[in-house]
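Comments concern the structure below.
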Amino acid sequence: MIEQLLDDHHLNQETVYSLLSSLVSKTPDYADLYFQYSVAESWFLEESIVKSGTYNISHGVGARSVNGEQTGFAYSDDLNRDAIEKAIDFAKGVSNSHSPAPMQTFQSIPEIAKYSNLNPLGSLSSQEKVDFLNRIDALARKEPKVKQVSASISGAYSEVLIASSDGVYQKDYRPMVRVSVSVIVEHDGRIESASSGGGGRYDYRYFIDHNLDEIYVNEAIRQALVALESKGAPAGNMPVILGPGWPGVLLHEAIGHGLEGDFNRKGSSVFTDRIGEQVASSKCSIVDNGTLSNRRGSLTIDDEGTPTQNTMLIENGILNSYLFDKMNAKLMGVESTGNGRRESYAHIPMPRMTNTYMLNGTDHIDDMIASVDEGIYALNFDGGQVDITSGKFVFSANEAYLIKNGKISHPIKGATLIGAGDEVLKKISMVANDLKLDGGIGVCGKDGQSVPVGVGQPSLKIDELTVGGTQLNP
C-alpha cells in the first residue's frame with residue numbers, strides 16, 4: 001500500500017530523492033523523510049457482549065533536519081508534493097548552514113525479515129473475531145467465582161519507507177496483534193481482579209492455532225484466585241526473588257531507560273560515563289535484542305533504516321554499551337545500534353529499547369527460595385515509576401508470595417518494591433537458568449511517544465530490597 005500511495009501522489013524514488021535534496025540544502029549533518037501507511041482495529045467485549053469496535057487508517061510523512069543537537073521537524077498527513085515541500089521548508093528552517101551534508105546515492109539493502117509482511121487484519125473474518133471473544137467469555141465463566149469478564153482483540157499493520165541523506169532507502173512491513181483478558185472474581189464478599197494476554201508480530205490465527213484464548217483465560221483466573229487468598233504484605237528491607245518473564249519490566253524501567261543514548265549524552269543518567277565499569281553483579285548480563293523473530297519489540301530495521309541488533313548492554317556486570325539512534329551516536333562518536341524509534345510519521349525518532357532482557361544464569365529457583373529465611377517472591381507486576389537521573393524506582397507487585405524459612409508460605413497483597421536500578425544490579429546474588437520473555441504486552445512511553453517493546457529475565461535473587469507493605473508482622 002505504501003507503493004500505491006506514492007504512485008497515487010506521483011511520487012517515486014527519483015522524486016523522493018529530489019525532495020530530500022531540498023531538505024538537505026541547509027542541513028550540515030543529516031536529513032530524512034519517513035513515509036508511513038497504517039491500518040488498525042480493535043474489538044471489545046464486556047458483559048458477554050461485543051460492545052464496540054474501531055477501525056482506523058492513517059498515512060503521512062515526517063521530514064527531519066539535524067544540525068548538531070538541533071532538530072527541525074514537520075509532518076504532513078497529505079502526501080501531495082506541495083504539502084511535503086511545505087513540511088520540508090519548515091523542517092530545514094532550524095539551520096542556515098552554508099555547508100550542507102553531502103547527499104549520498106540511495107542504496108536499498110534487503111534485510112532478513114524478522115516477521116511476516118502480510119496484513120494480519122484479514123486473517124480472521126469479522127464473525128470469527130466476534131466468536132473468538134465470545135469463546136473467551138464462555139471459558140472464563142466456567143469458573144463460578146468469576147463475576148465479570150472483559151476481553152479485546154486488536155491488530156495493526158504499517159508499511160514504512162525511510163529515505164535519508166546518508167543513502168538509506170528502505171521499506172519495512174510491520175504486523176502486530178494482541179489479545180487481552182480481564183476477570184473480576186468474588187468470594188465471601190471479597191472482590192479481586194486480574195488480567196492476562198499477549199501478542200506479537202504475527203496474525204490472529206496464531207492465537208487459535210496455539211489455544212491462547214484458553215491459556216490467557218486460565219492465567220487471568222489463576223492470578224485472580226491467588227489474590228483472593230492473599231494477606232497483607234510485610235514491610236522493611238529483605239531479600240526479594242523475582243520470577244521469570246514479565247518481572248523483567250523492572251529491568252526495562254529501572255535500568256534500560258538509563259542506558260539510552262540521549263540520557264547519557266546529556267549526562268542525565270546514573271550510568272553516564274561508566275562504559276567499562278562494573279555496574280552490576282558479575283551474575284548479570286543484559287541485552288537489547290531487536291532481531292528476535294515475531295516478537296512484539298522486534299524490528300527488521302529501526303525507524304532510521306538501520307538494521308536492528310543484539311546489543312550487549314551489560315556483560316558479566318560490566319557496562320558494555322548504550323542504545324543509540326543516529327543523531328546521538330554521531331554526537332558521541334559511535335555507530336547507531338539500530339534503536340532509533342518513533343511512534344509514527346508525526347514524531348521524531350529517539351533512542352528506544354526493543355526486547356530488553358537478562359540472560360540465563362546457572363542457579364536454580366528452588367535453591368534461591370531455600371536460601372531465604374524471610375522475604376518475598378514476586379511473580380507479576382503492575383505499573384511503576386522511575387527517575388532516570390537517580391535510577392530510583394517504585395514498582396507494585398500484583399502477584400507475590402511470602403517466603404518463610406526457605407519455603408513459599410502464602411500469597412501477599414500490596415507489596416511495593418523500592419530501590420535504585422544501579423544499586424539493585426549489584427545486589428543480585430543468584431540468576432537462574434529459566435529465562436522467559438513476556439507474552440507480548442509491553443508498551444513503553446517516553447517523551448509522549450509510545451512504542452511496543454519486549455522484556456524478560458530468568459528468576460533472580462536480590463539480596464536486599466526495600467519493600468513497602470500493608471502489614472508489619474504477617
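For residues that are modelled with pLDDT of 90 or more and not in a helix (DSSP H, G or I), scanning just the range 10-28, find the one that is surrounded by the most Cβ atoms within 10 Å (Cβ to Cβ).
This residue is Leu11.
Looking at the range 52-80, which of its residues are touching a residue at least 24 places away in the same chain (Cβ under 8 Å) and under 30 Å from Asn134 (Cβ atoms)?
Within the range 52-80, Ser58 is the sole residue that qualifies.
Quick one: how many residues across the range 116-141 are surrounded by fewer than 17 Cβ atoms within 10 Å (Cβ to Cβ), aliphatic (A, V, I, L, M) and assigned to a loop (DSSP other than H, G, I, E, B)?
Of the residues in that region, 1 qualify.
Conditions tested, residue by residue: (1) closer than 15 Å to Leu23 by Cα; (2) surrounded by 21 or more Cβ atoms within 10 Å (Cβ to Cβ); (3) more than 25 Å from the chain's Cα centre (by Cα).
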| site | (1), (2), (3) |
| --- | --- |
| Glu69 | no, no, yes |
| Gly93 | yes, no, yes |
| Ile112 | no, no, no |
| Lys145 | no, no, yes |
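Any chance the range 71-83 includes a residue that's assigned by TED's automatic domain parsing to the domain that holds Ser164, more than 17 Å from Ser344 (Cβ to Cβ), surrounded by 13 or more Cβ atoms within 10 Å (Cβ to Cβ) and aromatic (Phe, Trp, Tyr)?
Scanning the range 71-83, I find no residue that is assigned by TED's automatic domain parsing to the domain that holds Ser164, more than 17 Å from Ser344 (Cβ to Cβ), surrounded by 13 or more Cβ atoms within 10 Å (Cβ to Cβ) and aromatic (Phe, Trp, Tyr), so the answer is no.
Do you know which of the residues in the range 336-364 that are assigned to a loop (DSSP other than H, G, I, E, B) and hydroxyl-bearing (Ser, Thr, Tyr) is nearest to the chain's Cα centre (by Cα)? Even if it seems obvious, please write down each step before you answer.
Step one: filter the range 336-364 for residues assigned to a loop (DSSP other than H, G, I, E, B), giving 336-339, 342-349, 352-354, 359-362, 364.
From what's left, hydroxyl-bearing (Ser, Thr, Tyr): 336-337, 344-345, 354, 362.
Working: Ser336: 19, Thr337: 16, Ser344: 15, Tyr345: 18, Thr354: 6, Thr362: 27 Å.
In this case the residue turns out to be Thr354.
Do the conditions hold for Leu425, that is, is it touching a residue at least 40 places away in the same chain (Cβ under 8 Å), closer than 30 Å to Asn294 by Cα and within 22 Å of the chain's Cα centre (by Cα)? Talk me through it step by step, then tell me what you get.
Details: touching a residue at least 40 places away in the same chain (Cβ under 8 Å): yes; closer than 30 Å to Asn294 by Cα: yes; within 22 Å of the chain's Cα centre (by Cα): yes.
Judged against the criteria, Leu425 is a match.
For the range 261-293, how many residues meet the condition of being surrounded by fewer than 19 Cβ atoms within 10 Å (Cβ to Cβ) and either touching a Cys at 6+ places or on another chain (Cβ under 8 Å) or small (Gly, Ala, Ser) (or both)?
The qualifying residues number 5.
Which numbered condition in (1) touching a residue at least 24 places away in the same chain (Cβ under 8 Å); (2) surrounded by fewer than 22 Cβ atoms within 10 Å (Cβ to Cβ); (3) closer than 17 Å to Tyr202 by Cβ is the only one that Ile153 fails?
(2)
Let's see how each residue does on (1) assigned to a helix (DSSP H, G or I); (2) assigned by TED's automatic domain parsing to the domain that holds Ser42:
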site	(1), (2)
Gly197	no, yes
Tyr202	no, yes
Glu214	yes, yes
Ile221	yes, yes
Gly248	yes, no
Ala254	yes, no
Gly258	yes, no
Asp262	yes, no
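Look at the range 300-335 and say how many of its residues are in a loop (DSSP other than H, G, I, E, B), under 25 Å from Phe106 (Cα atoms), touching a residue at least 40 places away in the same chain (Cβ under 8 Å) and of a type outside the set (Val, Ile, Thr).
Total meeting the criteria: 6.
Is there a residue in the range 208-223 that is within 22 Å of the chain's Cα centre (by Cα) and more than 27 Å from Ser154 (Cα to Cα)?
no
In this structure, is Ala101 farther than 25 Å from Leu292 by Cα, assigned by TED's automatic domain parsing to the domain that holds Pro28, hydrophobic (A, V, I, L, M, F, W, C) and within 23 Å of the chain's Cα centre (by Cα)? Talk me through it step by step, then tell me what you get.
Details: farther than 25 Å from Leu292 by Cα: yes; assigned by TED's automatic domain parsing to the domain that holds Pro28: yes; hydrophobic (A, V, I, L, M, F, W, C): yes; within 23 Å of the chain's Cα centre (by Cα): no.
No.
Listed residues Ala31, Ala91, Ala113, Ala83; which is of a type in the set (Gly, Ala, Ser), free of Cβ contacts under 8 Å to residues at least 24 places away in the same chain and either on the phi < 0 side of the Ramachandran plot or not in a helix (DSSP H, G or I) (or both)? Walk me through how you get there before you give the answer.
Working: Ala31 fails: free of Cβ contacts under 8 Å to residues at least 24 places away in the same chain; Ala91 fails: free of Cβ contacts under 8 Å to residues at least 24 places away in the same chain; Ala113 fails: free of Cβ contacts under 8 Å to residues at least 24 places away in the same chain.
That would be Ala83, the only listed residue that is of a type in the set (Gly, Ala, Ser), free of Cβ contacts under 8 Å to residues at least 24 places away in the same chain and either on the phi < 0 side of the Ramachandran plot or not in a helix (DSSP H, G or I) (or both).
Restricting to the range 375-386, name every residue that is modelled with pLDDT of 85 or more and either among the hydrophobic types (A, V, I, L, M, F, W, C) or within 19 Å of the chain's Cα centre (by Cα) (or both). Explain how you work it out, then say what you get.
Let us first name the residues in the range 375-386 that are modelled with pLDDT of 85 or more, namely 375-381.
Across the range 375-386, the qualifying residues are Ile376, Ala378, Leu379, Asn380, Phe381.
When you check Ala40 against the structure, is it assigned by TED's automatic domain parsing to the domain that holds Ile153, assigned to a strand (DSSP E or B), aliphatic (A, V, I, L, M) and within 23 Å of Pro120 (Cα to Cα), yes or no? Break it down into steps so the answer makes sense when it comes.
Details: assigned by TED's automatic domain parsing to the domain that holds Ile153: yes; assigned to a strand (DSSP E or B): yes; aliphatic (A, V, I, L, M): yes; within 23 Å of Pro120 (Cα to Cα): yes.
For Ala40, the condition - assigned by TED's automatic domain parsing to the domain that holds Ile153, assigned to a strand (DSSP E or B), aliphatic (A, V, I, L, M) and within 23 Å of Pro120 (Cα to Cα) - is met.
The values are calculated or read from the model by the stated rules, or taken from the named source; none is laboratory data. Treat the numbers as computed from the prediction; the structure is a model and nothing was measured. A quick note on method: Cβ atoms are made from the backbone with ideal geometry, for glycine too, and the neighbour counts reach across all protein chains shown.
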